[in-house]
Amino acid sequence: MVHATSIVERVKENLEKVRERIALAAERVGRDPSEIVLVGATKSVDVERISAAIEAGLEHIGENYAQEAWAKYQQIGDAVTWHFIGHLQTNKAKLVVRFCRFVQSLDRLALAEELNKRAEQIGRIVDCLVEVNIGGEETKSGVPPSEVENLIRQVSQFPNIRVVGLMAMPPFLPNPEQVRPYFKQMRELFERLKNIDLPRVEMRYLSMGMSHDFEVAIEEGANMVRIGTAIFGPRPIKGGEGR
Ligand SMILES: *Cc1c(COP(=O)(O)O)cnc(C)c1O
């Protein structure tokens, strides 16, 4: 018998499965699954599927493109917490601070300056994660590990930005075990920076792990994971995939 599962049902099932896998990974290393924030990565995902996931309890979503995100925000509104996770052009900072509580892709001082200015104009504070280019890949944005502390020190002068953690997108390697060393390095960097004593710097989130490697990321200390395809299904093959 063919049982037709609606798109909405499938998203809900996938979300359940991802939650279970997060919990198992956390338990394997003696961590409390409830401390892990699940961010649904929703680039190219339509509002119907995003809404299904929100209905099933998803509380955070991350978008890569400012205009696409803004269009979805018009329909979804504040039913969910918005994160910006893609490369952010300086001229899009003004739009993004209007609806994204988190910017996970802070990778340069000029962007921090603009985010601070735009956030100040509307009287809010933006929670930022510094994006680290942990694999030293030329094609990826992010700050080299050796420059992260320096950037954080400079950003801490901005009253409308709070630095709340680190984000990384390690090299894509077919076997997630191969990614483990990068996650470990991120964890070490995160632990080291936790002791930094600067205004509005509070290293709470280590955002790493995507559909194919989030379990390894959690085992290595991630407390925020960004998951797209495992929840929403494969994306249409196009350019601009952000990896
Ligand atoms: C697309 C994307 C993800 C999620 O990728 P999946 O492999 O679909 O889980 C996570 N983080 C960033 C920055 C992304 O662009």
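The values are calculated or read from the model by the stated rules, or taken from the named source; none is laboratory data. Note that the structure is predicted; figures quoted are calculated from it, not measured. Backbone-built Cβ (ideal geometry, glycine too); neighbour counts: all protein chains shown. Accessible surface is based on the protein model in full, side chains and every heavy atom, while ligands, DNA and RNA are left aside. Shrake-Rupley method; radii C 1.70, N 1.55, O 1.52, S 1.80 Å.
Under 6 Å by Cβ, and 6 or more places apart or on different chains, what pairs join a residue from segment 59-79 that is touching a residue at least 60 places away in the same chain (Cβ under 8 Å) with one that is part of a strand (DSSP E or B) and buried (at least 19 other Cβ atoms within 10 Å of the Cβ)?
Here the result reads Gly62/Val39; Gly62/Ala41; Gly62/His83; Gly62/Arg226, each pair linking segment 59-79 to a residue that is part of a strand (DSSP E or B) and buried (at least 19 other Cβ atoms within 10 Å of the Cβ).
Please verify whether Arg200 is in contact (Cβ under 8 Å) with a residue 12 or more places away in the chain, over 18 Å from the mean Cα position of the chain (by Cα) and open to solvent by 50 Å² or more (accessible area, probe 1.4 Å), treating the condition exactly as stated. Give the derivation first.
On the way: in contact (Cβ under 8 Å) with a residue 12 or more places away in the chain: yes; over 18 Å from the mean Cα position of the chain (by Cα): yes; open to solvent by 50 Å² or more (accessible area, probe 1.4 Å): yes.
Considered against the rule, which asks whether it is in contact (Cβ under 8 Å) with a residue 12 or more places away in the chain, over 18 Å from the mean Cα position of the chain (by Cα) and open to solvent by 50 Å² or more (accessible area, probe 1.4 Å), Arg200 comes out as yes.
When the residues of segment 48-59 are filtered to those that are under 12 Å from Val11 (Cβ atoms) and away from the ligand (no atom under 16 Å from the Cβ), which remaining residue is surrounded by the most Cβ atoms within 10 Å (Cβ to Cβ)? Break it down into steps so the answer makes sense when it comes.
First, the residues of segment 48-59 that are under 12 Å from Val11 (Cβ atoms): 48-58.
Now restrict to residues that are away from the ligand (no atom under 16 Å from the Cβ): 48, 51-52, 54-57.
On the way: Glu48: 12, Ser51: 18, Ala52: 21, Ile54: 19, Glu55: 13, Ala56: 17, Gly57: 11.
If we take residues in segment 48-59 being under 12 Å from Val11 (Cβ atoms) and away from the ligand (no atom under 16 Å from the Cβ), then Ala52 is surrounded by the most Cβ atoms within 10 Å (Cβ to Cβ).
Just a yes or no: is a residue in segment 179-190 under 24 Å from Ile161 (Cα atoms) and of a type in the set (Val, Ile, Thr)?
no
Scan segment 17-46 for residues that are in a helix (DSSP H, G or I), more than 16 Å from the ligand (Cβ to nearest atom) and open to solvent by 30 Å² or more (accessible area, probe 1.4 Å) and jot them down.
Step one: of segment 17-46, the residues in a helix (DSSP H, G or I) are 17-28, 33-35.
Among the residues that remain, those that are also more than 16 Å from the ligand (Cβ to nearest atom) are: 20, 23-24, 26-28, 33-35.
Scanning segment 17-46 gives Glu20, Leu24, Glu27, Arg28, Pro33, Ser34, Glu35.
Looking at Gly62 and the list (1) away from the ligand (no atom under 16 Å from the Cβ); (2) within 14 Å of the chain's Cα centre (by Cα), which single condition is not satisfied?
(1)
Out of the residues in segment 203-222 that are in a loop (DSSP other than H, G, I, E, B) and surrounded by fewer than 20 Cβ atoms within 10 Å (Cβ to Cβ), which is farthest from the ligand (Cβ to nearest atom)? I'd like the intermediate steps shown before the answer.
From segment 203-222, those in a loop (DSSP other than H, G, I, E, B) are 208-213, 220-222; that's our starting set.
When the remaining residues are screened for being surrounded by fewer than 20 Cβ atoms within 10 Å (Cβ to Cβ), the result is 211-212, 221.
Details: Ser211: 3, His212: 6, Gly221: 17 Å.
Among those that are in a loop (DSSP other than H, G, I, E, B) and surrounded by fewer than 20 Cβ atoms within 10 Å (Cβ to Cβ), it is Gly221.
Name the residue that is farthest from the ligand (Cβ to nearest atom), counting only residues in segment 223-235 that are out of contact with any Gly (no Cβ under 8 Å at 6 or more places or on another chain) and in a helix (DSSP H, G or I). Spell out the reasoning first.
Taking segment 223-235 first, the residues out of contact with any Gly (no Cβ under 8 Å at 6 or more places or on another chain) are 223, 229-230, 233-234.
Still in the running and in a helix (DSSP H, G or I): 229-230.
Numbers: Thr229: 4, Ala230: 6 Å.
Among them, the one singled out is Ala230.
Please verify whether segment 1-14 includes one or more residues that are more than 17 Å from the chain's Cα centre (by Cα), open to solvent by 10 Å² or more (accessible area, probe 1.4 Å), over 23 Å from Pro234 (Cα atoms) and modelled with pLDDT under 95.
Going residue by residue through segment 1-14, those that are more than 17 Å from the chain's Cα centre (by Cα) are 1-14.
Now drop any that are not open to solvent by 10 Å² or more (accessible area, probe 1.4 Å), which leaves 1-10, 12-14.
Among the residues that remain, those that are also over 23 Å from Pro234 (Cα atoms) are: 1.
Within this subset, residues satisfying the condition of being modelled with pLDDT under 95 are 1.
Within segment 1-14, one or more residues are more than 17 Å from the chain's Cα centre (by Cα), open to solvent by 10 Å² or more (accessible area, probe 1.4 Å), over 23 Å from Pro234 (Cα atoms) and modelled with pLDDT under 95.
Just to confirm my filter: which strands (runs of 3 or more DSSP E) fall fully inside segment 97-191 and include at least 1 residues that are β-branched (Val, Ile, Thr) and open to solvent by 50 Å² or more (accessible area, probe 1.4 Å)?
Values: elements: 102-106, 126-132, 161-168.
It comes to none.
Is segment 60-79 home to any residue that is open to solvent by 30 Å² or more (accessible area, probe 1.4 Å), basic (Lys, Arg) and in contact with a helix residue (DSSP H, G or I) (Cβ under 9 Å, 6 or more places away or on another chain)? Working first, answer last.
Residues of segment 60-79 that are open to solvent by 30 Å² or more (accessible area, probe 1.4 Å), as a first pass: 60, 65, 67-68, 70-71, 73-75, 78-79.
Right, trim to basic (Lys, Arg) and you get none.
The answer is no, given that none of the residues of segment 60-79 is open to solvent by 30 Å² or more (accessible area, probe 1.4 Å), basic (Lys, Arg) and in contact with a helix residue (DSSP H, G or I) (Cβ under 9 Å, 6 or more places away or on another chain).
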